[in-house]
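I'd like to ask you about the structure that follows.
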């Protein structure tokens with residue numbers, strides 16, 4: 001039988017800042033419009049995958065200096 005955890009978790013902190021969230025939202029809108037492209041300088045193919053769009057948004061947020069954990073830390 002699984003045991004329940006007693007007490008509360010320690011104070012949780014936000015992993016991503018508000019700027020990162022806005023960057024991902026911007027990438028998702030570009031994906032829906034069909035203008036989001038992968039690859040360096042946007043020379044790759046159109047992005048159709050939701051997960052890829054999120055990854056691109058987080059990457060752009062990192063470049064702008066938003067509060068986003070490194071790509072290796074998040075996995």
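Computed from the coordinates by the stated procedures, all read-outs in this text should not be read as laboratory data. Because the structure is predicted, anything quoted here is derived from the model rather than measured. Neighbour counts are summed over all protein chains in view; Cβ atoms, including those assigned to glycine, are modelled from backbone coordinates with ideal geometry.
What whole number of Å gives the distance from the Cα centroid of segment 48-73 to the Cα centroid of segment 11-35?
Distance between centres, Cα-based: 8 Å.
A further question on this structure: Simple spin-label model, 7 Å along Cα-to-Cβ: residue 70 to residue 37 in nm?
Each label point lies 7 Å from its Cα, and together they span 3.1 nm.
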